[in-house]
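Data block below; observations after.
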Amino acid sequence: MFGGLVSLCLCCCSLVGVFGDSDSLKSVTEGDSVTLTPDLSNKQSHNLIMWNFKTNGPLIAKINQETNDISIIDDGPDKRFKGRLELDHRTGSLTITNITSEHAGVYQVTISSKTKTIYRYGVIVYARLPVPVIISDSPQNSSSSSCSLLCSVVNVGHVTLSWYKGNRLLSSIGVSDFNNSLSLRLDCLDDSYSCVVNNPIRNQTQYLISDPCQPCSDCAFCCHVSEAVARLAVSVVVGVAAVVIVIYDVVTPKL
């Protein structure tokens, strides 16, 4: 459990290190949008605002507030930003829509008027989290009242997978690389549990709805035994009642 949390913390620290020259960090999930807004509070209303991908990297957007011109340069060599950029002339903000992992990195904005100011934003993109899958990991012919549960997720990265009993953390495991599969086993008796996969901004939970810790064969046997006992009890009651009636008829004098 502790090792998984440490792994995720180290992962986050490494990401912060990658974007160490940024003025702020933004975290977003794949498919969502992120808006980067420069601070124009101490600037003039007529600024030349230029957005670059990576520090001093290729120009991807430009706003000239004096002439009301907006330019989106999204048809570069790899066309990764094509159809994904939006600009706000008034605030100078840049919005990346339908973001993917290839859009993660540092974005630099240069604001030029009488002076020149540069801001940098680190954008971290996390993959969408799948819902964990819980299956029974016990032998089918087991006659024990206990069982083992296996919770799994596939194609994940920078996440922690955890078992909970109510709000109490039972165990966890972390992974810092992308495109990995995680599985976490839990030996249980007959209580309710949930399995949670999470990254620093999202989580997905799978609740244990049914009770796989009671083997079906045992349950069926118990049900059949109970039914047989009930039928036997009814038969006994009916038989006793019949005997009583016969004895009553024999010993009761006829009028």
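Couple of notes before you dig in:
- Using 0.36 nm per residue and subtracting the Cα-Cα separation, the extra length available between SER176 and VAL131 on full extension is 14.4 nm.
- Least to most buried among LYS54, LYS116, LYS26 (fewest other Cβ within 10 Å first): LYS116, LYS54, LYS26
- In a DSSP loop and with at most 16 other Cβ atoms within 10 Å, there are no chymotrypsin sites (Phe, Trp or Tyr not before Pro) in segment 48-125.
- Partners for LYS26 among lysines (Cα-Cα distance below 25 Å; same-chain residues under 8 apart left out): LYS43, LYS54, LYS62, LYS79, LYS82, LYS116
- Computed lengthening from ILE209 to THR37, 0.36 nm per intervening residue step minus Cα-Cα distance: 57.5 nm
- Stretchable slack from THR95 to SER192, in nm (0.36 nm times residue separation minus alpha-carbon distance): 30.6 nm
- ILE201/GLN44 FRET efficiency (R0 45 Å; Cβ-Cβ; nearest 0.05): 0.80
- Cβ-Cβ FRET estimate between ILE73 and GLU30, R0 fixed at 25 Å, reported to 0.05: 0.60
- Neighbour net charge for GLU30 - beta-carbon separation under 11 angstrom, K R +1, D E -1: 0
Read the figures in this text as sums done on the coordinates, not as results from a lab. Worth saying up front: this structure is predicted, and the values here are computed from it rather than measured. Note that we place each Cβ from the backbone using ideal geometry, even for glycine, and neighbour counts take in every protein chain shown.
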